[in-house]
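> Below is the structure I would like to discuss, written out as structure tokens.
The values are calculated or read from the model by the stated rules, or taken from the named source; none is laboratory data. Everything numeric in this text was worked out from a predicted model, so none of it was measured. When we count neighbours, we look across all protein chains shown, and the Cβ atoms used for this are built from the backbone with ideal geometry, even at glycine.
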Amino acid sequence: MDLDRLRAETPGTDHVLHFNNAGAALPPQPVLDAQVTHLEREATIGGYETAAEAEGQLHRTYDAIARMLGCGTHEVALVENATRAWDMAFYGLSFGPGDRILTSPSAYASNHIACLQVAEQTGATVEVLPHDQDGQVDVEALRTRMGDDVALIALTHVPTNGGLVNPARAVGAVADDAGVPYLLDACQSAGQMPLPVDEIGCTMLSATGRKYLRGPRGTGFLYVRDDWIERIEPPLLDLHAATWTAPDDYEIHADARRFETWEGHIAGQVALGVAVDYALDRGLEPIFDRNQHLAQALRAGLSDVPGVTVHDQGRVRCGIATFSTRQTDASALQAALRTQDINTSVSPPSSTRLDAEARALPDLVRASVHYYNTEAEIDRFVAALRSALNK
């Protein structure tokens, strides 16, 4: 990677030390240009008219996501965010009394709340799989719990509260053997690592544009495997997702766009395609290798600071590092670092309650690196942390 060029194409690096890429990464200039150009055109000729002009660019967004996932464009839906993508798939499945939903201890709060709601409404049950010795979902335990009553496997690929990368492909193999649908939350893995859906074996995959893909906020996408598209009825329909064929009848679209709505963030969707292309041009394997290297260096630096505890688990770890300190709470530390133009975020126990309670985790500072960050920024971050803790 040409790091000088990457940083020159990332205007934000001139202003902040950005270790909040798992929240919203700094966009590269081509992504910014695409979004701003579209908005300026809207202001000049009108929103509908600009959308009509951008039809070809929107097609390229579907194409880019399909290339990233190794799927067909008809298996991709563009939606507002990762939560809406996940919900459109999950709430479109049928559950009934006795059905079992299998999930992991690192499940994200929004996903698990949805599971609990559906269980309450339908009589299904939610079962949380155990961790293995490395902190990742126990695949062998999953295998032993499979049965005809398992209606869904729902897995968070990379949890919000640490660098763990769950073994998505191994879970996919179990799901495939059992013929069970498998919903993968790739919110924090999309753009950070390769996501070949045929090799992973997921039936559905949800993701956002604002995190490691470095796209705009208010963008996300959903993948649904071809043979499952018409088996999932969207919980919400409009005149885009379905056609009103008679006064008392309608027909739902046969492709993944049945999970979309007519109104959308067109400027963001155009820019999302540019962001995906930008990531693919750099290579998702090199990006993942770079992130692992940076995060490993960051964790090593953090471990040398007195009073700091690093909480990351996993046999494979990504670009997210989480830690707590004896001296101060996470929010105060985040604020202190922000005064030095250093961006982090706070991961509270409520976002991953199952894992947080099992490990008695406090609020964590989450420092998430990306490939355009530097080793010098890690040194500066660790020095700033030492300074903040010694005040």
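> Applying the selection to segment 363-382, what residues are touching a strand residue (DSSP E or B) at 6+ places or on another chain (Cβ under 8 Å), β-branched (V, I, T) and either closer than 16 Å to Q313 by Cα or surrounded by fewer than 24 Cβ atoms within 10 Å (Cβ to Cβ) (or both)?
Passing the criteria: only V365.
> Go through segment 110-130 and give me each residue that's assigned to a strand (DSSP E or B) and touching a residue at least 60 places away in the same chain (Cβ under 8 Å).
Of everything in segment 110-130, just one residue is assigned to a strand (DSSP E or B) and touching a residue at least 60 places away in the same chain (Cβ under 8 Å), namely V128.
> Within segment 58-81, can you find the residues that are under 22 Å from H38 (Cβ atoms) and assigned to a helix (DSSP H, G or I)?
Within segment 58-81, L58, H59, R60, T61, Y62, D63, A64, I65, A66, R67, M68, T73 meet the criteria.
> Out of T203, T219, T208, I need the residue that is in contact with a Cys (Cβ under 7 Å, 6 or more places away or on another chain) and buried (at least 23 other Cβ atoms within 10 Å of the Cβ). Which one?
Just one listed residue meets the conditions, T208.
> Return the residue satisfying two criteria in turn: it lies in segment 284-305 and is of a type in the set (G, A, S) and in contact (Cβ under 8 Å) with a residue 60 or more places away in the chain, and of such residues it is farthest from F323 (Cα to Cα).
A297
> In addition: Go through L102, L69 for me and flag whichever is under 20 Å from L155 (Cα atoms), in contact (Cβ under 8 Å) with a residue 24 or more places away in the chain, buried (at least 20 other Cβ atoms within 10 Å of the Cβ) and touching a Lys or Arg at 6+ places or on another chain (Cβ under 7 Å).
Every option except L102 fails the conditions.
> Any residue at all in segment 347-363 that's closer than 25 Å to M1 by Cα and either part of a helix (DSSP H, G or I) or assigned by TED's automatic domain parsing to the domain that holds R7 (or both)?
Among the residues of segment 347-363, not one is closer than 25 Å to M1 by Cα and either part of a helix (DSSP H, G or I) or assigned by TED's automatic domain parsing to the domain that holds R7 (or both), which makes the answer no.
> Now for a different question. Would segment 31-53 turn up any residue that is outside any helix (DSSP H, G or I) and over 26 Å from the mean Cα position of the chain (by Cα)?
yes
> A267 is checked against (1) more than 20 Å from the chain's Cα centre (by Cα); (2) more than 30 Å from P30 (Cβ to Cβ); (3) assigned to a helix (DSSP H, G or I); (4) not acidic (D, E) and fails just one. What number does that condition carry?
Condition (2) is where A267 drops out.
> Taking only segment 194-246 into account, find how many residues are of a type in the set (D, E) and closer than 20 Å to E285 by Cβ.
Residues that pass the stated criteria total 2.
> Here's a check for you: in segment 311-343, which residue that is within 22 Å of the chain's Cα centre (by Cα) and of a type in the set (V, I, T) is surrounded by the fewest Cβ atoms within 10 Å (Cβ to Cβ)?
Looking at residues that are within 22 Å of the chain's Cα centre (by Cα) and of a type in the set (V, I, T), I get V316.
> May I pose another question? Is it true that V308 is of a type in the set (A, V, I, L, M), under 18 Å from the mean Cα position of the chain (by Cα) and surrounded by fewer than 22 Cβ atoms within 10 Å (Cβ to Cβ)?
So V308 does not fit the description; no.
> A further question on this structure: Which numbered condition trips up A168, out of (1) touching a helix residue (DSSP H, G or I) at 6+ places or on another chain (Cβ under 8 Å); (2) more than 21 Å from A207 (Cβ to Cβ)?
(2)
> Taking V171 and the conditions (1) of a type outside the set (K, R); (2) in contact with a Cys (Cβ under 9 Å, 6 or more places away or on another chain); (3) in a strand (DSSP E or B), which numbered condition does it fall short on, given that it satisfies the others?
(3)
> Here's something else I'd like to know. Of all residues being of a type in the set (G, A, S) and crowded, with 16+ Cβ neighbours inside 10 Å in segment 111-157, which is nearest to R317 (Cα to Cα)? Just the residue, please.
G135
> Find the residue count for segment 235-264, including only residues that are touching a residue at least 12 places away in the same chain (Cβ under 8 Å) and either farther than 23 Å from E55 by Cβ or assigned to a strand (DSSP E or B) (or both).
Total meeting the criteria: 5.
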